[in-house]
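Shown next, in structure tokens, is the structure this report addresses.
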Amino acid sequence: MTSAFRYAGYAPRPNLDGMTASLWLTPDQDANRLLSRSPLAVMIGMLLDQQIPMEWAFTGPHTIAARMNRTDLDAAAIAAYDPQRFADLMATTPAVHRYPAAMAERVQKLCRHLVDHYGGDAQAVWEGVDDADTLLRRLRDLPGFGPQKSQVFLALLGKQLGVTPSGWREAAGDYGAPDVHRSIADVTDAAALEAVRRTKQEAKRRTR
């Protein structure tokens with residue numbers, strides 16, 4: 001699939017083909033449009049994807065942007081936002097996450113990391129990276145990204161966004177396998193979302 005990440009305000013990237021693809025990660029089409037043009041939105045959605053339904057997590061970036069009175073997300077603006085006001089923004093009904101205060105802190109830490117290490121550009125995390133092990137290390141260095149979340153995000157980049165450094169499927173582990181419905185990396189429409197949900201529910205049953 002071609003990359004979704006070429007949009008106003010971002011120069012064409014040398015490792016992308018310049019085409020546009022639409023992501024479908026949530027039934028909210030406004031949220032999907034933001035995800036399709038904003039690397040930071042996808043990264044924040046991945047950060048939020050824990051202890052809540054996937055579609056709730058990936059609607060979160062659009063909700064954050066709307067409550068900041070912005071049409072897009074900016075890492076520097078989020079990093080500089082007053083922490084209490086940002087926590088309140090996350091907690092306003094409907095809340096962005098089940099644990100809005102904790103996740104507000106994590107989102108701001110993530111954005112500060114991007115500002116400090118990547119000039120505030122989320123796409124720079126994978127831009128020009130030729131091998132998956134290097135990219136996976138960069139993802140693991142992101143605040144809030146543990147080993148599993150990093151593998152899922154690597155799989156999402158490879159399967160849906162055309163970011164395919166050498167060895168990416170292997171580095172992504174089970175999440176990199178083709179023709180499966182295991183994680184958000186495999187969600188492309190409502191039917192796929194339900195299939196992934198069933199896989200997760202079955203996995204939980206097996207661990208009880």
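The values are calculated or read from the model by the stated rules, or taken from the named source; none is laboratory data. As the structure is a prediction and not an experimental result, all values here were calculated from the model. Positions of Cβ are generated from backbone atoms using ideal geometry, with glycine treated the same way; all protein chains shown enter the neighbour counts.
Odds and ends about this structure:
One line per residue, one yes/no per condition, for (1) among the small types (Gly, Ala, Ser); (2) within 23 Å of residue 75 (Cα to Cα); (3) touching a strand residue (DSSP E or B) at 6+ places or on another chain (Cβ under 6 Å):
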| site | (1), (2), (3) |
| --- | --- |
| 100 | no, yes, no |
| 114 | no, yes, no |
| 117 | no, yes, no |
| 126 | no, yes, no |
| 133 | no, no, no |
| 137 | no, yes, no |
| 144 | yes, yes, no |
| 151 | no, yes, no |
| 159 | no, no, no |
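- Set 83, 94, 53: member being closer than 22 Å to residue 159 by Cβ and of a type outside the set (A, V, I, L, M, F, W, C): 53
- The C-beta contact set for segment 44-70 (first residue under 15 Å from residue 102 (Cβ atoms) and in contact (Cβ under 8 Å) with a residue 12 or more places away in the chain, second residue assigned to a loop (DSSP other than H, G, I, E, B) and charged (D, E, K, R), distance under 8 angstrom, 6+ apart or interchain) comprises 51/98; 52/98; 57/49.
- For segment 144-158, the set of residues classified as in contact (Cβ under 8 Å) with a residue 60 or more places away in the chain and over 15 Å from residue 199 (Cβ atoms) consists of 144, 145, 149, 153, 156, listed by residue number.
- Positions within segment 46-63 being aliphatic (A, V, I, L, M) and assigned to a loop (DSSP other than H, G, I, E, B), in sequence order: 52
- Of all residues in segment 146-191, exactly one satisfies the criterion of being small (Gly, Ala, Ser), out of contact with any Asp or Glu (no Cβ under 8 Å at 6 or more places or on another chain) and on the phi > 0 side of the Ramachandran plot, namely 173.
- For the residues 151, 123, the requirement of being more than 19 Å from residue 38 (Cα to Cα), touching a helix residue (DSSP H, G or I) at 6+ places or on another chain (Cβ under 6 Å) and not hydrophobic (A, V, I, L, M, F, W, C) singles out 151.
- Filter pass, residue 70 being surrounded by fewer than 14 Cβ atoms within 10 Å (Cβ to Cβ) and either touching a His at 6+ places or on another chain (Cβ under 8 Å) or modelled with pLDDT of 95 or more (or both): yes
- Contact map, segment 163-179: first residue surrounded by 16 or more Cβ atoms within 10 Å (Cβ to Cβ), second residue β-branched (Val, Ile, Thr), Cβ cut-off under 9 Å, separation 6 or more or different chains; pairs are 163/129; 165/129; 165/134; 172/152; 175/152.
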